[in-house]
Every structure is written in structure tokens, then in C-alpha cells.
Amino acid sequence: MNYTLDFTPVIEGMPNLLTACLGTFVLAICGMLLATVIGIGGVVLRTSKIKALRWLVIGFVEIIRNTPFLVQIFFIYFALPLAGLRLDPTPTAIIALGINGGAYAIEIIRGGVQSISKGQVEAGLALGLHKAQVFRLIVLKPALRAIFPSLTSQFVLLTLTTSIASAISAYELTSVSQRIESDSFRSFEVYFTVTAFYLVISWLMMRLFAFFSARYFAYPVK
Amino acid sequence: MSDISTTKASAETMISMTGVAKWYGAFQALNDINVSVRKGEKIVLCGPSGSGKSTLIRCINHLEAYQQGEIRVGGILLGHQAKSIDAVRREVGMVFQQFNLFPHLTVLQNCMLAPMRALGLGKAEAEGRARQLLERVKIAEQAEKYPAQLSGGQQQRVAIARALCMRPQVMLFDEPTSALDPEMVKEVLDTMIDLAREGMTMICVTHEMGFARQVADRVIFMASGAIVEEAPPVEFFSNPKHERTRKFLGEILGH
């Protein structure tokens, strides 16, 4: 084998790659925020008194968790315009990531909520708080703390899943590197660099979650 | 011995339960319960486990729904609509066996949460009230700590202060000392005795018979979901009328 490494196209494309990393971050962070909202909202609806709402959530979770993300993102990309909503690839990707991550987040957060003892809820009710207040003020934070490690790994996965958004050419690291590769044919050099970038991005995400956890879940427990 | 019961309850009825019954499926947990508690009265509720005493007091603030009969608290008819339940819960404080302090909030925040969110008090007023009541249960210096940093006895005293912050007219105690290490029981009972001395209307599910002797105006004995016997403590302990009461007292006092 006689292959000469040539990183020149990668070095020349570095400013592009770095801003693309930023694009990946934007997709990931916005996707996570949306997923968290869907996750918490889904758990609330999942425990609703109205049977139809509970089944709606169960159906949503089952559909999303049993179909490929690539298909989901295409579906949203091509289905939304039919419904009269024309969005750019990047917002579309954020919605797809949020919906996909949200389905997993519902199941994870639900586990956390179930881990909170009934006594906590009863103490809140006995103090005259309403059910919604009990959930928001008493149950939610300890529940999130209990499942935060699982949520972290799910959201690191979501971060890596942003690469699939290249299929609809959203602005992120994989699609930008594909462009550099097809211009230069330096496939190994490009993907070697991109792999290293994703590693760093994942690591940064984990640091971010650790920071968040230390900041908000620092109260002592027995 | 009964120095506190001389502070006497007034004639005004605070809680009345009339013909209350409750079922869990086919199992009848409460059977034709008739209790009337006057303002300022202290009731000790005892009986073997599974006799329905916890269920009874949990019906008073509707943590358990009852299916038959009528419960009135401070004149409010406790129905099954949210409005009457809210109104009753504002008048009734509850202390649980497992304390149930909120782990993510400091002692002070535990005491401020409900006054701010359920009564709409401002932060300064809620804090003032909380600090005053923490002082009263002699734990003011722990206000900035989290529940997990306190001993069981301290946690239970905070739980009492937290309930008192709502300025309830009635306090319910559901086996408040059963989860405590023996050396911590006294500090909690002392707090409850102070509260009784100040004239609070109290219903206590407890097996602390010394507390019953010292504080109770009446002791109610339950078995199999029904009230078997009720009497002032002196009479209850010296001259129990029913065989089941004698057997129960023999079991808890006989060693």
C-alpha cells in the first residue's frame, strides 16, 4: 500500500469545519431543549386522567422508537410542506431531533417520576398544593435528578444523531465534511478529522451535563 | 398527671365524622365511623395494624376518598369536589410517619413552599412565618440545611413546623414517631406536647401510650375498621371495657 497522507484540503477547509461544528452544536442543543419539553409534557399527558391522551403518548413513543431516524427526518422534511409549512433543512432537523429524542425522554423521565415516593405527593397535597403544583414544585426536580445519567447518555446519542441531518443537507459537521471530501477525494483525512471532532463534541456535551448536574442537583441525599 | 387536658376544649365542633365507610374493592377498611372532635381537643387513635386508624385520619384531609357518610371540618362539608377538598386541606395540617420533607429544598424552603404557592403569601412574610415556627420547634439554626443533613427527629420537627406554617386549625399525626430511633422519640413528642398545650386541635395515631396519658382528652381504640371503644385516658387504661381493648393494651404495655 502506497498512500500519502495529505491534510491540505482539511486544513484549508478548517474554518468551514469549525463553523460546521457550531452548527452541530446548535442542532444538538435546540434538539435537546425540544426533546426535554416533549419529554416532560409527554409524561404529564401519559399520567393524565383522560384515556385518549395516555394512548396518544403511548402510540407516539412506540412509533418513534420503532422506526429509523433517517425515515423520520425525511418524513418530516417532505410531509411538512404538504401541510403548508415550508421550513429550511436546519429547523426541520431540529424538529426531527426533538421529536425523536422526546420519545426516548418520555420513557426515561417517566421512570424518574415513578421512583418518587407517594409520600412526597401526599405531603404536597396535604399542604394544600394542587396536583400540577405538586408535579412541578415537588416531583420534577428529584425525578430528573434520579434519571439524569440516563438522560445524559440519551442526549449524547442525540448529539451524534445530528449527523443524519446531513441527509437533508442541514448545516452541520457531516454535511460540510462531505462537501470537502467530494471536492478533494481525501476521504480518510476528512473522516479522520471529523471523527476527532465528534469525539470532542461528545466530551464537551458530557462536561456540559456534568456542570448542569452539579449546579442544579447538588442537594444532598441519604 | 393530666395537666394539659384541663386547658379544656370548647363546645365548638371542629371535626365530625358521621357514618363514614370506606372500601378497598371488597375489603371494608372503615365501617360506620362516628367521631366528633371539639375545638382544642386532643384525640389519640390506637389499635392493631390494619385496624383502619391511618385510613381514618387520611380521610379527614381526603388523601383517601370515603364512600359513605359525611365528614365536616370546621363547618366545611368535605365532598369529593376539588373546591371543598382544597378548603379543608387549608385548615388541616398533617405529619407523616416518614416525614416526607422535600429533599431538594432547604428546611426554610420546605416551610415556605405551601404558604407562598397555596396561600399566595409574599416571600418576606412566608419566610418570617417559617423562621418563627422553626424557632418554636427549636430548630431555627438548621434553616439553611437540606433534610438529608438532619437526624430523623429533627426532620420530623421540621415537618411539624412546615405543617404549622399553613396556620391550620387541626393537626393530624400519622404515627409520627414510629420511624424514629428510640433516642429521638422524646424530642418529637415534646414538640407535640407543646403544641397541645397551646390549644391545637389534634388527632394522633400513635402507640406512645405515655403521650396518650399525658395529653389526650380521649383515646379511641379501633379494630377491623370500626371504633371499638373510646374513653378518657385514665378510664381507658385503668378500666378498658372490651376484650379486644384489653388484649391490645396487654400486648403493648405488657413488657
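Here are the numbers for this structure:
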| read-out | value |
| --- | --- |
| Vicinal HN-Hα couplings computed from phi for segment A:141-155 (Karplus, 6.51 cos²θ - 1.76 cosθ + 1.60; Hz; Gly/Pro x) | 5, x, 5, 5, 4, 4, 10, 4, x, 5, 5, 4, 5, 5, 7 |
| Entries of A:Lys131/A:Lys222; A:Lys118/A:Lys141; B:Lys22/B:Lys53; B:Lys138/B:Lys186; A:Lys222/B:Lys53 with Cα pairs more than 18 Å apart | A:Lys131/A:Lys222; A:Lys222/B:Lys53 |
| Burial of 30 Å² or greater, segment A:109-131 residues [accessible area, probe 1.4 Å, versus chain by itself] | A:Gln120, A:Glu122, A:Ala123, A:Leu125, A:Ala126, A:Leu127, A:Gly128, A:Leu129, A:His130 |
| 10 Å Cβ shell holding at most 14 others, DSSP loop, GluC sites (Glu not before Pro): longest site-free stretch of chain B | B:13-143 |
| Pairs of Cα atoms farther than 26 Å apart, segment B:75-215, % | 22 |
| Calculated P(r) tail over 18 Å for segment A:43-105, as whole % of Cα pairs | 43 |
| For chain B, alpha-carbon Rg over 2.2 N^0.38 Å | 0.99 |
| Principal semi-axes in Å for the protein assembly as shown [√(5λ), Cα gyration tensor, largest first] | 61, 23, 18 |
| Mean-position separation - Cα centroids, segment B:65-106 and segment A:159-184, in angstrom | 58 |
| For segment A:1-127, the spread of Cα positions along each principal axis, largest first, Å | 73, 37, 31 |
| DSSP-loop trypsin sites (Lys or Arg not before Pro) across segment A:1-103, with at most 13 other Cβ within 10 angstrom | A:Lys49, A:Arg86 |
| log10 of Debye I(q)/I(0), alpha-carbon scatterers only, for segment A:18-216 at 0.10 Å⁻¹ | -0.50 |
| Surrounding net charge for B:Gly69, when Lys and Arg each add one and Asp and Glu each subtract one, Cβ distance under 14 Å | -1 |
| Delta accessible area of at least 10 Å² on complex formation, residues of segment B:103-128, 1.4 Å probe, chain isolated as reference | B:Pro103, B:His104, B:Leu113, B:Ala114, B:Arg117, B:Ala118 |
| Whole-number D in µm² s⁻¹ for segment B:85-156, Kirkwood Cα-pair radius fed into Stokes-Einstein, 37 °C, 0.692 mPa s | 256 |
| Portion, in percent, of the accessible area of segment A:18-216 that falls on carbon or sulfur, probe 1.4 Å | 71 |
| Where the Cα pairs of segment B:9-115 fall when distances are cut into 10 Å bins, in % | 13, 41, 33, 13, 1 |
| Counting all C-alpha pairs of segment B:75-120, share separated by more than 11 Å (%) | 74 |
| Separation between Cα centres of segment B:125-180 and segment B:237-251, rounded to whole Å | 34 |
| Total accessible surface hidden between B and A, rounded to 100 Å², 1.4 Å probe | 2100 |
| Projected area, mean over directions - segment B:138-251, Cα convex hull, nm² | 8.2 |
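The values are calculated or read from the model by the stated rules, or taken from the named source; none is laboratory data. The structure presented is a predicted model; accordingly, all values stated were derived computationally and were not measured. Every residue, glycine among them, receives a Cβ derived from its backbone with ideal geometry; neighbour counts consider all protein chains shown. Protein only, heavy atoms only, side chains kept; ligands, DNA and RNA dropped before computing areas. Shrake-Rupley method; radii C 1.70, N 1.55, O 1.52, S 1.80 Å.
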